[in-house]
Amino acid sequence: MALRFNTQKKMNIKTVVKNLAGPKLLGIFDYFSKPEYKNIWGGAFNGQAFRCAIFEELCETISFNVIIETGTFRGNTTAFVANKQLPVYTVESDSRNYGYVLARFLFKPRIHTIHNDSRAFLKVLAEDKDFPKDKVFFYLDAHWDKELPLREELDIIFATWRESVVMVDDFKVPRTKYQYDDYGEGKALTIEYLQTSQHSNDFQLFFPAKGDEHETGFKRGCVVLTNSPKCARRLSAMQTLSPTVPRTERRGAPPHCNTTAKSPEPDPAHS
Ligand SMILES: C[S@@+](CC[C@H](N)C(=O)[O-])C[C@H]1O[C@@H](n2cnc3c(N)ncnc32)[C@H](O)[C@@H]1O
């Protein structure tokens, strides 16, 4: 009886503290009380070693000015990409997750954590004249539930940024067993979904050059997009990316969104 009373009392105190503190403060508390959160999902990029290699090679191929991530969650990918010593902007809509990363990156001046909707934040950056509009790496990972911001994120990015590269996580890599997100009718992260973007004729697609059997961790698929012929040429020369589906499974025509796309322009810097 006494034990039940104590447990009940403890539960009530927990609820009162929760309500008083608010989700942001709870997120800060999570950071200090739950060390296991720090490496959740096996670390950066869903614990995927090959994806980390794609990111590394992308950074060697294009000298990015800034990195932008949508969907921070607990900041595991944020912490990894910040090793490039570039400014990192990461936006999270959930208050508790935001509280967590606020505490995590408090003493990391290069990492800017933003509590907002990804689309609203991208619009703010798009309108900010002082914010770099070229050589930006975008990691789009703010997909979690039925309200999928991806199409609008892409529309804002491709209407504004030039010579930039976008990586979309959880994307279907045709003819492989990479995992991808499907939120129902018209909301699966596939090539067909990209074709509904206002800018689908402007960007070219690249996929991991190796199939899921060579990947570690959660084996989530991805696609890399660029609207710049110069960047596309450089991406085409990368070992870890391919303008077609992974080599082991390659069959049929390359899945370009832009069906009229020609070979990328020669890049004077690399000729
Ligand atoms: C899959 S998790 C991100 C994982 C993280 N990028 C990583 O690699 O560890 C998705 C996150 O996006 C957030 N999110 C969902 N919709 C959002 C939106 N519209 N704007 C900003 N964040 C959003 C969720 O709260 C969740 O924390």
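Every read-out reported here was derived from the displayed coordinates using simple, explicitly stated rules and does not represent laboratory data. Keep in mind the model is a prediction, meaning the values are calculated, not measured. Here Cβ is always computed from backbone atoms with ideal geometry, including for glycine, and neighbour counts include all displayed protein chains.
Within the range 142-201, the trypsin sites (Lys or Arg not before Pro) that combine a DSSP coil assignment with at most 13 other C-beta atoms in a 10 angstrom radius are Lys146, Lys177.
Using a Förster radius of 30 Å, what is the FRET efficiency between Val124 and Ala21 based on their Cβ-Cβ separation? Nearest 0.05, please.
Values: r = 28 Å, r/R0 = 0.94.
Efficiency computed from Cβ-Cβ geometry: 0.60.
Available extension along the chain between Asp134 and Gln195 is 19.6 nm, counting 0.36 nm per residue and deducting the alpha carbon span. Taking amide H as placed 1.01 Å from N in the peptide plane, Asp169 has its amide H under 5 Å from the amide H of Leu140, each at least 5 places away in sequence or on another chain.
In this label model, Lys108 and Lys38 are separated by 1.2 nm, measuring between points 7 Å along each Cα→Cβ vector.
How high is the relative contact order of the range 21-270, in percent, with contacts defined as C-alpha pairs under 8 Å that are six or more residues apart? Provide the component values of the computation, followed by the final result.
Numbers: 493 pairs, mean separation 47.3, N = 250.
So the answer I get is 19 percent.
Sites listed here are GluC sites (Glu not before Pro) in the range 131-162 whose DSSP assignment is loop and whose Cβ has at most 16 other Cβ atoms within 10 Å: Glu147.
With a cut-off of at most 11 other beta carbons within 10 Å, and DSSP calling the residue loop, which chymotrypsin sites (Phe, Trp or Tyr not before Pro) in the range 55-137 qualify? Please list them.
Details: sites: Phe55, Phe64, Phe73, Phe80, Tyr89, Tyr98, Tyr100, Phe105, Phe107, Phe121, Phe137; in loops: Phe64, Phe73, Phe105, Phe107.
Those satisfying the criteria are Phe107.
Taking amide H atoms as placed 1.01 Å from N in the peptide plane, the amide H of Ser242 lies under 5 Å from those of Phe207, Ala209, each 5 or more residues away in sequence or on another chain.
Within the range 121-146, name every residue whose backbone N is under 16 Å away from a label modeled 7 Å from Cα of Phe80 along the Cβ vector. Correct set: 138-142. Computed from backbone phi with θ = phi - 60° and the Karplus coefficients 6.51, -1.76 and 1.60, the 3J(HN,Hα) list for the range 95-102 is 4, 5, 5, 5, x, 4, 6, 4 Hz; x is used for glycine and proline.
Overall dimensions of the range 50-116, expressed as equivalent-ellipsoid semi-axes from the Cα gyration tensor (√(5λ), whole Å, largest first), are 22, 12, 10. For the range 164-175, the Karplus equation 6.51 cos²θ - 1.76 cosθ + 1.60, evaluated at θ = phi - 60°, returns couplings of 10, 10, 10, 10, 9, 7, 6, 9, 6, 9, x, 6 Hz by residue, with Gly and Pro reported as x.
Separation of the range 196-249 and the range 64-87, taken as the distance between their Cα centroids, equals 20 angstrom. Packing, taken as the mean count of other beta carbons within 10 Å per residue, orders the peptides 190-198, 219-227 from highest to lowest as 219-227, 190-198.
What aspartates and glutamates could a cross-link reach from Lys219, if we take a straight Cα to Cα line under 19 Å and drop same-chain neighbours fewer than 8 places away? Leaving aside aspartates and glutamates fewer than 8 places away in the same chain, those within reach of Lys219 are Glu56, Glu57, Asp141, Asp169, Asp170, Asp181, Asp182, Glu249. Pairs spanning more than 18 Å between alpha-carbon atoms, out of Lys38/Lys172; Lys38/Lys108; Lys38/Lys187; Lys84/Lys230: Lys38/Lys172; Lys38/Lys187; Lys84/Lys230.
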